[in-house]
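Working notes, structure below.
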Amino acid sequence: MKSLHSEGFFYSLISNKFKMNLSYMSKSENFITQIQEGYTTKGEFIVLGAAMLDGQPQSNAHVKIPLKTLNRHGLIAGATGTGKTVTLQLIAENMCAAGIPVLLMDLKGDLSGLAKPGTVNEKINERHQHVGIPYEPQGTSVEFLTLSKEAGAKLRATVSEFGPVLFSKILDLNDTQSGVVAILFKYADDKKLPLLDLKDFKALLNYIANEGKPEIQKNYGNVTPATTSTILRKIIELESQGAEQFFGEKSFEVQDLLRTDDKGRGVASVIRLTDIQDKPKLFSTFMLCLLAEIYGSFEEAGDLDKPKLCIFIDEAHLIFNEASKALLDQIESIIKLIRSKGVGVFFCTQNPYDIPDAVLSQLGLKVQHALRAFTEKDRKAIKKTAENYPITEFYKTDELLTSLGIGQALITALNEKGIPTPLAAVHLKAPASRIGILSPQEITEVTNQSALVSKYNQSIDRESAYEILNEKLSEAAGEEVEEEKPKKTSKPEKEEKSIIEKMSENTMVRQVGRTVVREVARGLLGVLGLGGTSKRKKKSGWF
């Protein structure tokens, strides 16, 4: 009897285990079927990795993102050290391989490695065996751009091209102060005074507050000293963050971002921002004018098979944390509208709630790396984050968010019909390009092959408002000197700098190459319902 009982117990254990295995097999089959069906595409796509079930990658359940939906924007979020920047690199290089040019904001210098092939090692081979995709090292065609003194093609835009509305928003001016800025731009137009850089604008501001005050009051209205002083302080604040490097000529033409190499792969334009991490106002100013120019100059595209351009903004909180209410409203408006121009924008940040709700709701692709729950506030944020993802029977999302490993992420996207895909915890594949920073020598090798460096880095100065106004004041002063001193045979040298020079001098380098003070630029915000309508010239810079 004891033997039979033991045998019965043994067979019972085997039966239960068999049932459990069947149950797991059924769960596994259902999961794989759901992922395969949810991420099936008719058109071209990029593969990010393999979906995981109970922590194990399923090599036959690949997560594919349709190229057709990449203009619906995206988010890459997660705690420090979870692999966000590497994921950004992975997505960007896959886009380039599919023929989509990309623009990347590189605040830490990590993205320069895109230009060189990756290195095969044991960890990468193991990762790709789990994913079920062979690893093939490959570099991407890269163009380095810069707002400052970093190596690369210079990005610039003139003050005149901004127009009074956008320039006032950048300075965070009130209505009265914005009205004075509008007067300055109108006066500059009437008197044919090119406003190329901040030095020009400060010179004009000082002129209307002093020598030109009677003329301004007579023809344009009263301008109080308190208002001009406030505007000047705002400009000095912007200059303190390095804006003099950005304002000037030659203006960058955004069409140069839409390049492919001789193999038909998209070029990755990497803006090196490592030296302006502590200058968020300059960064947000740059981003706003870039997005506005792309929106204003690109033609309506509708639904394309793949985007014209995708933009990646690393450390995106730097834009939103320091931006004024006016700037935030403008960025939100552009994000909502720019996808119709065939452009996708992808934000990379630590917490999804670094992004305003109005922008967050526009993001179709969400890649969420692990979050850390060190405090009660962190735990509440994790539960709130979990509620943003589709409900699934295979995961407890709030628990999974704290247990994901490095190079793993929760992903949901939009399929070709615009429907959210099933939530998948994904074991991501490794980038084919190098993970890490290029050496200065390697960066020099890339910039030496650049066609844009020779186009935008010429140091040529031309006469603008600063020089014209100084000459006007010098001539007035010279007439008084002529009455007391004998006539000189050669052009007199200025012994002392004028008031304008003392207040306005900076080291800005400007270039020749485009027509300035174009009235069409003033309609930049008209396309967004914030001003009059405008038609752009075919040959356009940033504005």
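The values are calculated or read from the model by the stated rules, or taken from the named source; none is laboratory data. Everything numeric here is computed off the predicted structure, so don't read it as measured data. Here the Cβ is made from the backbone with ideal geometry for all residues, glycine too, and neighbour counts use every protein chain on show. For the accessible areas, the whole protein counts, side chains as well, though only heavy atoms, and no ligand, DNA or RNA atoms are used. Shrake-Rupley method; radii C 1.70, N 1.55, O 1.52, S 1.80 Å.
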Subject >> Filtered residues of the stretch 34-70 (kept if open to solvent by 10 Å² or more (accessible area, probe 1.4 Å) and among the aromatic types (Phe, Trp, Tyr)) >> reply: Phe45
Original post:
Residues of the stretch 8-33 being modelled with pLDDT of 55 or more and open to solvent by 80 Å² or more (accessible area, probe 1.4 Å), which ones?
Top reply: Met25, Glu29, Asn30
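If only one of Leu371, Leu401, Leu365 is buried (at least 19 other Cβ atoms within 10 Å of the Cβ), out of contact with any Phe, Trp or Tyr (no Cβ under 8 Å at 6 or more places or on another chain), in contact (Cβ under 8 Å) with a residue 40 or more places away in the chain and not β-branched (Val, Ile, Thr), which one is it? Before the answer, list the steps.
On the way: Leu401 fails: in contact (Cβ under 8 Å) with a residue 40 or more places away in the chain; Leu365 fails: out of contact with any Phe, Trp or Tyr (no Cβ under 8 Å at 6 or more places or on another chain).
One residue alone meets the criteria, Leu371.
I'd like to check something: does the stretch 281-288 contain any residue that is within 27 Å of Asp354 (Cα to Cα), basic (Lys, Arg), at pLDDT below 80 and in a helix (DSSP H, G or I)?
Narrowing the stretch 281-288 to residues within 27 Å of Asp354 (Cα to Cα): 281-288.
From what is left, the residues that are basic (Lys, Arg) are 281.
From what's left, at pLDDT below 80: 281.
From the residues that got through so far, the ones that are in a helix (DSSP H, G or I) too are 281.
Yes.
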Original post:
Taking the stretch 122-148, which residues are within 30 Å of Lys250 (Cα to Cα) and of a type in the set (Phe, Trp, Tyr)?
Top reply: Phe144
Original post:
If we scan the stretch 196-211, do we find a residue that is at pLDDT below 90 and surrounded by fewer than 19 Cβ atoms within 10 Å (Cβ to Cβ)?
Top reply: yes
Original post:
Is there a residue in the stretch 122-141 that is outside any helix (DSSP H, G or I), in contact with a strand residue (DSSP E or B) (Cβ under 7 Å, 6 or more places away or on another chain), farther than 23 Å from Leu401 by Cα and open to solvent by 50 Å² or more (accessible area, probe 1.4 Å)?
Top reply: yes
**OP:** Take the residues in the stretch 306-316 that are closer than 16 Å to Gly364 by Cα and part of a loop (DSSP other than H, G, I, E, B), then tell me which one is most open to solvent (accessible area, probe 1.4 Å).
**Re:** Lys306
**OP:** Name the residue, out of Glu300, Glu332, that is surrounded by fewer than 21 Cβ atoms within 10 Å (Cβ to Cβ), part of a loop (DSSP other than H, G, I, E, B), of a type in the set (Asp, Glu) and out of contact with any strand residue (DSSP E or B) (no Cβ under 7 Å at 6 or more places or on another chain).
**Re:** Glu300
Original post:
Among the residues of the stretch 424-436, is there at least one that is of a type in the set (D, E, K, R), closer than 20 Å to Phe346 by Cβ and at pLDDT 90 or above?
Top reply: yes
Subject >> Residues within the stretch 335-362 that are polar (S, T, N, Q) and either under 24 Å from Glu300 (Cα atoms) or buried (at least 19 other Cβ atoms within 10 Å of the Cβ) (or both), tallied >> reply: 4
Original post:
Between residues in the stretch 178-193 that are basic (Lys, Arg) and residues that are in a helix (DSSP H, G or I), which pairs lie under 9 Å by C-beta distance while being six or more apart or on different chains?
Top reply: Lys186/Pro164; Lys191/Ala465; Lys191/Ile468; Lys192/Ile468
Subject >> Test set (1) within 16 Å of the chain's Cα centre (by Cα); (2) farther than 20 Å from Gln241 by Cβ - Gly296 fails condition number >> reply: (1)
Original post:
Any idea which of (1) more than 17 Å from Met95 (Cβ to Cβ); (2) touching a strand residue (DSSP E or B) at 6+ places or on another chain (Cβ under 7 Å); (3) modelled with pLDDT of 90 or more; (4) not basic (Lys, Arg) is the one Gly38 doesn't satisfy?
Top reply: (2)
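Within the stretch 258-274, does at least one residue satisfy the condition of being part of a helix (DSSP H, G or I), open to solvent by less than 10 Å² (accessible area, probe 1.4 Å) and either in contact (Cβ under 8 Å) with a residue 12 or more places away in the chain or in contact with a Gly (Cβ under 7 Å, 6 or more places away or on another chain) (or both)? Even if it seems obvious, please write down each step before you answer.
The initial filter retains those residues of the stretch 258-274 that are part of a helix (DSSP H, G or I), namely none.
No: the stretch 258-274 contains no residue that is part of a helix (DSSP H, G or I), open to solvent by less than 10 Å² (accessible area, probe 1.4 Å) and either in contact (Cβ under 8 Å) with a residue 12 or more places away in the chain or in contact with a Gly (Cβ under 7 Å, 6 or more places away or on another chain) (or both).
Search the stretch 423-454 for residues being open to solvent by less than 30 Å² (accessible area, probe 1.4 Å) and of a type outside the set (A, V, I, L, M), and hand back the single one that is farthest from the chain's Cα centre (by Cα). Lay out the reasoning, then the answer.
Here is the first cut: in the stretch 423-454, the residues open to solvent by less than 30 Å² (accessible area, probe 1.4 Å) are 423-428, 430-433, 436, 438, 443, 446-447, 450, 452.
Applying the additional criterion that residues be of a type outside the set (A, V, I, L, M) yields 427, 431, 433, 436, 447, 450.
On the way: His427: 26, Pro431: 21, Ser433: 21, Gly436: 20, Thr447: 21, Ser450: 21 Å.
Ranking the qualifying residues of the stretch 423-454, first place goes to His427.
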Original post:
Looking at this structure, is Lys213 free of Cβ contacts under 8 Å to residues at least 24 places away in the same chain and basic (Lys, Arg)?
Top reply: yes
**OP:** Specify the residue that is nearest to Gln350 (Cα to Cα); the eligible residues are those in the stretch 404-422 that are without any contact (Cβ under 8 Å) to a residue 60 or more places away in the chain and surrounded by fewer than 13 Cβ atoms within 10 Å (Cβ to Cβ).
**Re:** Ile419
